[in-house]
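Only the coordinates and a few stated rules stand behind these numbers; no lab work does. All of these numbers come straight from a predicted model, not from anything done at the bench. So basically every Cβ, Gly included, is an ideal-geometry build from the backbone, and we count neighbours across all protein chains shown.
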Amino acid sequence: MRILSFLLPLLLLYHSGFAQKKNLIIDSLTREPVAYASIACSETGYSTMANEKGEWIFPDSVLCKTITVSCAGYKTNLAVSSINVVVLAPQII
């Protein structure tokens, strides 16, 4: 029990050092989040989807320089992956 009470705080500190940053996708006109957009790493092909709040995360193991962001009703955007907020412009039909 003593070992567990010693190791648990260390494990929590170790894990917090690898916290992933949340990224956001917003509409260029309204500045509202864009829900369920698709995000793909151009180099590896790894892809994910934004949640209902427009937030998304790539695992730290995915090394990516550029991303492609797309969503129905918006123009596809090619962006640098180090940007935390990606802006999508509405597609005019």
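Some values worked out for this structure:
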item: In nm, spacing of pseudo-spin labels at Ile92 and Leu24 (7 Å Cα→C-beta vector); result: 2.7
item: Amide H partners (placed H, <5 Å) of Val86, local residues excluded; result: Leu24, Ile25, Ile26
item: Long-range amide H partners of Tyr46 with built H, under 5 Å; result: Cys41
item: From phi via Karplus (6.51, -1.76, 1.60), per-residue ³J(HN,Hα) for region 66-77 in Hz, x at Gly/Pro; result: 10, 10, 10, 10, 9, 7, 4, x, 10, 6, 5, 10
